[in-house]
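Student: Got a structure for you, written out below as structure tokens; questions coming shortly.
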Amino acid sequence: MKKLIVANWKMNPTTLKGAKRLFYQIKTGIKKYSHVLQNIKIIVCPPFVFLPSLSQMAKKGKILLGVQNFFFEEKGAFTGEISPSMLKDFRVKYVILGHSERRKYFGETDEIINKKLKKAIEKKFKPILCIGETKKERESKKTFKVLKKEIEKAIFGIKNLKNLILAYEPIWAIGTGNPCKPEQAKEVLIFVKKKLKNIPVLYGGSVNLKVAKDYIDVGFDGLLIGGASLRPKEFVEICKVCAI
Ligand code: PGA
């Protein structure tokens with residue numbers, strides 16, 4: 001199976017010009033090393049507003065597009081929301097769901113995430129479901145309990161999980177410069193793989209070039225990268241080291 005390297009740009013960059021520049025830098029870097037990147041899938045998840053431009057730029061390249069969220073209804077009176085169908089014209093195949101920042105800042109509950117996951121599967125997206133524990137939960141040895149609950153609630157009532165991708169993102173490791181130790185992450189990987197068979201599992205949380213390959217070496221199927229995906233040179237290098 002190809003390794004998945006997913007760039008979560010979050011709410012960056014702040015201009016279309018900046019987004020195009022970043023995408024172009026990643027694209028040209030990837031192209032230069034295409035001979036070594038055959039067993040890697042690269043997915044960029046920009047903010048929605050950049051999709052019209054970036055989907056044009058992605059047309060002839062290796063980079064696939066994803067989004068960081070969508071709503072679970074098709075259309076109608078839902079002010080400020082974006083529906084899955086609206087994204088199809090921009091060749092968006094992936095959607096990040098249940099990211100801890102959405103849970104924290106936008107009140108996304110397990111029930112909402114379950115609805116979004118159902119919609120994603122119905123609409124033939126490949127959902128990347130994020131799960132992760134807080135520092136407090138880890139310290140009080142509740143990690144596995146929390147992850148089990150997040151998974152069970154998210155997939156409740158969903159039979160067809162064949163397109164599902166899971167991302168283990170310990171909340172305390174996100175954006176902190178303090179990635180989870182690969183051996184610790186591996187314990188979660190084993191737990192998750194036992195629970196959900198044949199589902200790719202990514203690691204995310206302060207991934208940088210120094211540590212990226214360690215997660216692949218302990219068995220992860222790829223990475224979900226925030227901060228380092230905004231540094232095109234480093235991002236391309238991460239893709240390279242994970243391909244070897
Ligand atoms: P980070 O973000 O790599 O900046 O920690 C990862 C994520 O939130 O998906």
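Student: Just the ratio, please: alpha-carbon radius of gyration of the range 169-244 over 2.2 N^0.38 Å, N its number of residues. Write down the numbers at each step before the final one.
Tutor: On the way: Rg = 12.0 Å, N = 76, 2.2 N^0.38 = 11.4 Å.
Dividing the Cα Rg of the range 169-244 by 2.2 N^0.38 Å gives 1.05.
Student: Once phi is turned into ³J(HN,Hα) by the Karplus curve 6.51 cos²θ - 1.76 cosθ + 1.60 with θ = phi - 60°, what whole-Hz value does each residue of the range 30-43 show in order, with x for glycine and proline?
Tutor: Each residue's phi maps through the Karplus curve to give 5, 4, 4, 10, 4, 5, 9, 9, 4, 9, 10, 9, 10, 10 Hz.
Student: I would also like to ask the following. For a quick check of understanding: with a 1.4 angstrom probe and all protein chains in place, what accessible area in square angstrom does T134 have, to the nearest ten?
Tutor: 50 Å²
Student: A follow-up question, please. Please give the FRET efficiency for K145 paired with D217, using the beta carbon to beta carbon distance and R0 = 25 Å, rounded to the nearest 0.05.
Tutor: Working: r = 28 Å, r/R0 = 1.10.
E between K145 and D217, to the nearest 0.05, is 0.35.
Student: Please give the solvent-accessible surface of Y215 in Å², to the nearest 10, using a probe radius of 1.4 Å with every protein chain present.
Tutor: Rounded to the nearest 10, the figure is 0 Å².
Student: I would also like to ask the following. Taking the Cα atoms of the chain, report the difference between the largest and smallest coordinate on each principal axis, in whole Å and largest first.
Tutor: Ordered largest first, the chain gives principal extents of 46, 44, 30 Å.
Student: Work out from phi, with θ = phi - 60° and the Karplus expression 6.51 cos²θ - 1.76 cosθ + 1.60, the ³J(HN,Hα) of each residue of the range 150-167, listed in order in whole Hz, and give x for Gly and Pro.
Tutor: Residue by residue, the range 150-167 yields 4, 5, 4, 5, 5, 9, 3, x, 9, 8, 8, 9, 5, 8, 6, 10, 10, 10 Hz.
Student: For K194 paired with N160, estimate the spin-label separation in nm (one decimal), with each label point 7 Å from Cα along the Cα-to-Cβ line.
Tutor: 3.0 nm
Student: What is the projected area of the convex hull of the Cα atoms of the range 127-202, averaged over all directions, in nm²? Working shown, then result.
Tutor: Numbers: hull surface 20.0 nm².
Averaging across all directions leaves 5.0 nm² for the Cα convex hull.
Student: Enter the accessible area per residue of the chain (Å², integer; probe 1.4 Å; all protein chains in place). Numbers along the way, then the final one.
Tutor: On the way: 12350 Å² over 244 residues.
Solvent-accessible surface per residue comes out at 51 Å².
Student: Can you tell me the mean projection area, over all orientations, of the convex hull of the range 57-117's alpha carbons? Units nm², please.
Tutor: Details: hull surface 19.7 nm².
Its average projected convex-hull area is 4.9 nm².
Student: Once neighbouring chains are kept in place and the probe is 1.4 Å, which whole percent of the accessible area of the range 3-243 is contributed by carbon and sulfur? Display every interim value, and only then the final one.
Tutor: On the way: 6700 of 11950 Å².
That share works out to 56 percent.
Student: Dipole of the chain, Cα-centred, from +1 at each Lys and Arg C-beta and -1 at each Asp and Glu C-beta, to the nearest 20 debye? The partial results should precede the final answer.
Tutor: Details: 49 positive and 22 negative charges, 136 e Å.
Once rounded to the nearest 20, the dipole reads 660 debye.
The values are calculated or read from the model by the stated rules, or taken from the named source; none is laboratory data. Treat the numbers as computed from the prediction; the structure is a model and nothing was measured. So basically every Cβ, Gly included, is an ideal-geometry build from the backbone, and we count neighbours across all protein chains shown. Each accessible area value is taken on the protein alone, full model and side chains, heavy atoms only, with ligands, DNA and RNA left out. Shrake-Rupley method; radii C 1.70, N 1.55, O 1.52, S 1.80 Å.
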